[in-house]
1. Evaluate the charge dipole of segment 1-136 about its Cα centre and quote only its size in Debye, nearest 20, assuming +1 on the Cβ of each Lys and Arg and -1 on the Cβ of each Asp and Glu.
2. Hey, quick one: spin label on W281, modelled 7 Å out along Cα-Cβ, who in segment 244-261 has an amide N within reach, i.e. under 18 Å?
3. Of the listed peptides 178-187, 286-295, what is their order by residue-averaged count of other C-beta atoms within 10 Å, with the highest listed first?
4. At a Förster distance of 22 Å, what's the computed FRET efficiency of H124 paired with D271, Cβ-Cβ distance as r, to 0.05?
5. Where in the chain are the helices, taken as whole DSSP H runs, whose Cα atoms extend 18 angstrom or more along the long axis and whose Kyte-Doolittle mean reaches at least 0.0?
6. Quick check: Cα centre of segment 248-312 to Cα centre of segment 155-182, how many Å?
7. From the residues A297, L241, V275, which one has its Cα farthest along the dipole of segment 224-312 in the positive direction, the dipole being from +1 and -1 charges on Cβ of Lys/Arg and Asp/Glu about the Cα centre?
8. Quick one: how many lysine pairs does the chain have with C-alpha atoms less than 23 Å apart and a gap of 8 or more or different chains? Give me the count, please.
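We did not get these values from a lab; they are worked out from the coordinates using the rules stated. All values reported here derive from a predicted model rather than from experimental measurement. For neighbour counting, all protein chains shown are included, and Cβ atoms are generated from backbone atoms with ideal geometry for every residue, glycine included.
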Amino acid sequence: MASTIRIVSRSSPMALAQVERVRGLLHREHPGLVTQVVPVTTSGDRWQGALSQLGGKGAFTKEVDAALLSGEADLAVHCLKDMPGDRPLPEGTTVAAYLERDDIRDAVVLPEGHTPLTLDELPHGAKVGTSSVRRVAQLADSHPWLECTPIRGNANSRLAKLDAGEFDALILAVSGLHRIGLEERISQILDVDAMCPPIGAGILALQCRVDDTDTIDAIGPLNHVPTWREAHAERMMLHALQGHCNSPIAGYAACAADGSLSLRAKVFTPDGKKVVNAHEWAGALTPDELGMATALALLRQGARELIDQIPH
Ligand SMILES: NCc1[nH]cc(CCC(=O)O)c1CC(=O)O
């Protein structure tokens, strides 16, 4: 069993909070274990422009992967939703555990001290800060009077821009706000039917080297099986769709208490006017097979054309 585990982390408050959660779980499981944090800055953190101009995929994971593969660190903690979905993990690494899933919903946040409002109550032309093509597409259709405006940076810096008056509202993940201790900033939680979450929402994935059996053994007890099943179904669906970073894709698997697994998924046009929608139950299928079946259901309805028509 490992005596020390070095955990590579981006330096945003959310990333550091995620690492602290993993350290807490590891220390509870293995009281003698020593953990260390190895900080990195990724190109996605440095670049404030559109992610598509950065080669898009992997902007937040490239430097983290390098630290793992070079042996500078043993473990990486990723938001699953930020892991590239169109390509396999870097050769030599694996996700050896998924932590129990947090809230998958998005929330509306208003400037500090503002009276709570729902999206429906925001005035005509209100500036809503979000760069997510998934959020923009759904809002364009459901709330056409709002003006989505790009915003980048970590959640804390986005909130600072909101409080400085640059935006009238933000859309942020409920789970992320909890992780940085700012859930009291939530003005409205958006139901999954109103704002379908991204693939992998609220899931932390623990990545390590495939040959590092010490670390794999140490993190094994942290794996949450229902989350693992949901993650596999969602990720296979995303992989089979072969989206790009401008394709509004949304969806979530749900593992019920009796173990039955379902997957709902949607692909939108950027203006949200057209949507293809699938909802499949696993029955006897494995999570991967459910993901593939759901992707096929979307492709039969024209998802490929929809995705390929979007410039990227
Ligand atoms: N794109 C940044 C990011 N990556 C993961 C989360 C939230 C936590 C999660 O879903 O795991 C966030 C912040 C946000 O979208 O508000």
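1. Roughly 160 debye, rounded to the nearest 20.
2. 252-261
3. Packing order, densest peptide first, comes out as 286-295, 178-187.
4. Working from the Cβ atoms, E equals 0.75.
5. Qualifying helices: 287-300.
6. 29 Å
7. Result: V275.
8. Within the chain, the lysine pair count is 7.
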